[in-house]
Amino acid sequence: MTKFKITKLLPGLLLSSSLLLTASMAHAGECSNRGVLDDKFCDENKDLVADSPKDPAKWIDPSTLVFTYTPVEDPAVYKDAFADFQKYLSDLTGKKVVYYTVHSNAAEVEAIRSGRLHIAGFSTGPTGYAVNLGGFVPFAVKGTAEGFQGYNLITIVRNDSDIKTMDDLKGKLVAHTSASSNSGNLAPRALFPKEGITPDQDYVVKYSGKHDQSIMGVLSGDYDAAPVASDVFNRMVTAKRIEADDFRIIYTSPRFPTSSFGYAHDLKPELVEKIKKAFTTFRFSSEMSETFGGADRFYPVTYQEDWAVIRNIAHATGVAYTKKGLKKLAEKDAAKAAKKRAKALAAQKAG
């Protein structure tokens with residue numbers, strides 16, 4: 001190429017490069033802060049949850065709202081428990097509301113991330129995954145006029161067990177619920193070492209899948225002990241699924257917030273206000289209150305303040321609310337589901 005041609009091309013090349021650089025800088029400038037959120041979200045007000053999209057064209061205003069609650073126990077129980085609230089939510093938003101049953105924490109996170117879920121209740125531990133990866137915006141938990149409903153991590157053993165203290169767990173088989181569960185796995189790993197006992201080191205960990213399965217496993221003798229959520233334990237006692245006197249509680253943690261309720265960050269702001277009003281003004285029926293341990297309303301909270309203790313536990317245990325972490329969670333959920341199916345099939349054949 002001649003010197004003339006090169007010289008003639010240079011201005012064009014420089015202009016193209018300048019335009020590309022400007023476009024790149026403009027794109028980067030679309031979000032001044034993401035924090036630890038996934039790249040598809042922005043957090044310019046630094047409240048640790050995804051902001052509503054700046055472009056109104058990206059707001060979602062579905063004709064049907066999809067709602068679900070964490071699969072901590074039998075999903076059918078909670079589908080019925082939220083029936084009155086779903087109707088109330090439908091009346092205030094003018095939208096049809098349907099219940100979407102999920103069978104694992106990972107599946108629920110994927111549902112909010114993919115846009116299949118609009119409003120949800122996430123268990124305490126998985127809330128962080130839902131916020132960082134799914135654009136979930138928590139704003140309420142179950143409670144009363146006095147405050148939000150909390151729960152404790154409790155360690156249970158059978159009442160006739162020779163295990164009297166945490167130190168007695170050494171060498172035993174202990175059920176944890178699932179990898180993402182706060183009270184069923186993360187909190188024990190963060191808090192138990194202070195009690196002189198380290199999971200996987202001082203005792204054998206076996207994942208049960210759910211809190212109620214850990215509790216029933218201890219009762220049946222499948223496990224020597226289990227760390228579980230006190231609210232789940234108390235609900236099972238209230239429902240007469242178990243007798244409190246059949247168990248001994250050898251450890252009780254500080255209080256944690258219960259499952260968070262919130263919405264997908266990209267819902268139309270006017271719709272979000274109606275959803276918030278529904279949660280704020282709804283009052284539980286006596287049956288719903290009994291199901292949820294005496295709570296009679298949804299109490300306002302923020303992820304930034306009220307979930308700080310949960311995030312600290314996650315950090316202490318090396319848990320990162322990332323895609324890689326969610327993938328590991330999904331793999332563990334799938335493995336547990338496959339094992340459960342194999343066990344059911346074996347029982348069917350044996351029968």
Spatial separation of Cα centroids for segment 192-239 and segment 102-159, in angstrom: 19
Cα atoms only: what Rg and Dmax, in Å, come out for segment 150-257? 12.2, 35
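Using unit Cβ charges (K, R positive; D, E negative) and no other charged atoms, how large, in debye to the nearest 20, is the dipole of the chain about its Cα centre? Display every interim value, and only then the final one.
On the way: 46 positive and 41 negative charges, 304 e Å.
Here the chain has a charge dipole of around 1460 debye.
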Under Karplus coefficients 6.51, -1.76 and 1.60, residue-wise ³J(HN,Hα) of segment 221-232 in Hz, glycine/proline x: x, 5, 10, 7, 7, 7, x, 9, 7, 4, 5, 5
A convex hull over the alpha carbons of segment 222-351 yields, per residue, a volume in Å³ of 209
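Return the percentage of antiparallel bridges among DSSP beta bridges fully within segment 150-257, rounded to the nearest 5 %.
That works out to approximately 65 percent antiparallel.
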Return the sequence-ordered ³J(HN,Hα) values of segment 76-90 in whole Hz as given by the Karplus equation 6.51 cos²θ - 1.76 cosθ + 1.60 applied to θ = phi - 60°, using x for Gly and Pro. 4, 4, 7, 4, 6, 5, 9, 4, 5, 5, 4, 5, 5, 4, 5
DSSP bridge pairs, the chain: antiparallel proportion in percent, nearest 5: 65
In the structure shown, do any of LYS96/LYS277; LYS206/LYS343; LYS170/LYS240; LYS40/LYS277; LYS79/LYS206; LYS142/LYS277 have a Cα-Cα gap over 20 Å, and if so which? LYS170/LYS240; LYS40/LYS277; LYS79/LYS206
In whole angstrom, how long is each semi-axis of the equivalent ellipsoid of the chain, when you take the square root of 5 times every eigenvalue of its Cα gyration tensor and sort them from largest down? 43, 27, 19
About its Cα centre, what dipole magnitude does segment 221-351 give when the only charges are +1 on Lys and Arg Cβ and -1 on Asp and Glu Cβ, stated in debye to the nearest 20? 720
Can you tell me how segment 34-142 classifies by the Cα gyration tensor, rounded, prolate or oblate, using a/c under 1.5 as the rounded cut? oblate
In percent, how large is the relative contact order of the chain, given Cα pairs closer than 8 Å and 6 or more residues apart? 23
SER181's amide H: which non-local residues (gap 5+, or another chain) put their own amide H closer than 5 Å, with H modeled 1.01 Å from N in plane and none for Pro or chain starts? LEU186
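Readers should treat all values here as calculations from the given coordinates under stated rules, not as data from a laboratory. What you see is a predicted model; the values in this text were computed from it and never measured. We place every Cβ from the backbone using ideal geometry, glycine too, and count neighbours over all the protein chains shown.
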